[in-house]
Each structure stands twice: as C-alpha cells, then as structure tokens.
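Values quoted throughout were computed directly from the atomic coordinates according to the rules given, and no laboratory measurement underlies them. Only a predicted model underlies this, so the values are computations on that prediction, with no experimental measurement involved. Here Cβ is always computed from backbone atoms with ideal geometry, including for glycine, and neighbour counts include all displayed protein chains.
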Amino acid sequence: MANKLSDEDRAAFEAEAARLREEHRDLDAAIDALELVGKGDQLQIQRLKKRKLFLRDRLAFLDDQLTPDIIA
C-alpha cells in the first residue's frame, strides 16, 4: 500500500501538476504554430514533442500519487 501523503506533499504535487499541465498546453500551441508555418524546424518540433511526452509521464506519476488506493 502506498504511503499517505502529508498535506504539504499533496499541495506540492498538485502545484507541480498544475504547472506541468500549463506547460503541456503551451507546448501544444507551439507545436501547432510551427507545423502551421509548414517550414518549421523538424528537429525543434521533435524536441518539443519529446518534452510533451516527458510531461505526460510525470503528470501520470503525480496523478497516481494523488489518487488514493482503492481496494476492490
């Protein structure tokens, strides 16, 4: 069973998750803008997409930590 988070840890995780969600949305907009131009730097787009994947994985971890274990 996972350790129960302290209120401080929970608040820190929630704040980090909110910041990461915002960065993820910003990356979506940046990627869309670069692709819309049509001659966007493919290497830059690839780096942004890789960062988005990292953010998604970190958000999944944080959400898992914030969600209490439910015994079925």
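A simple count of charges around Lys52, restricted to other residues whose Cβ falls under 14 Å of its Cβ and scoring Lys, Arg +1 and Asp, Glu -1, yields +1. This structure gives semi-axes √(5λ) of the Cα gyration tensor in Å, computed directly, and of (i) 20, 14, 12; (ii) 33, 12, 8; (iii) 17, 13, 11 that value is listed as (ii).
Here the dipole of the range 3-72 is about 400 debye; that uses its Cα centre as origin and unit charges on the Cβ of Lys and Arg (positive) and Asp and Glu (negative). Working note: 222 nm ellipticity from helices only, DSSP H runs with n ≥ 4, each -39,500 (n - 2.57), summed and divided by the residues of the chain, gives -28000 deg cm²/dmol to the nearest 500. Seen against the Cα atoms of the chain and their longest principal axis, helix 7-37 is set at about 20 degrees.
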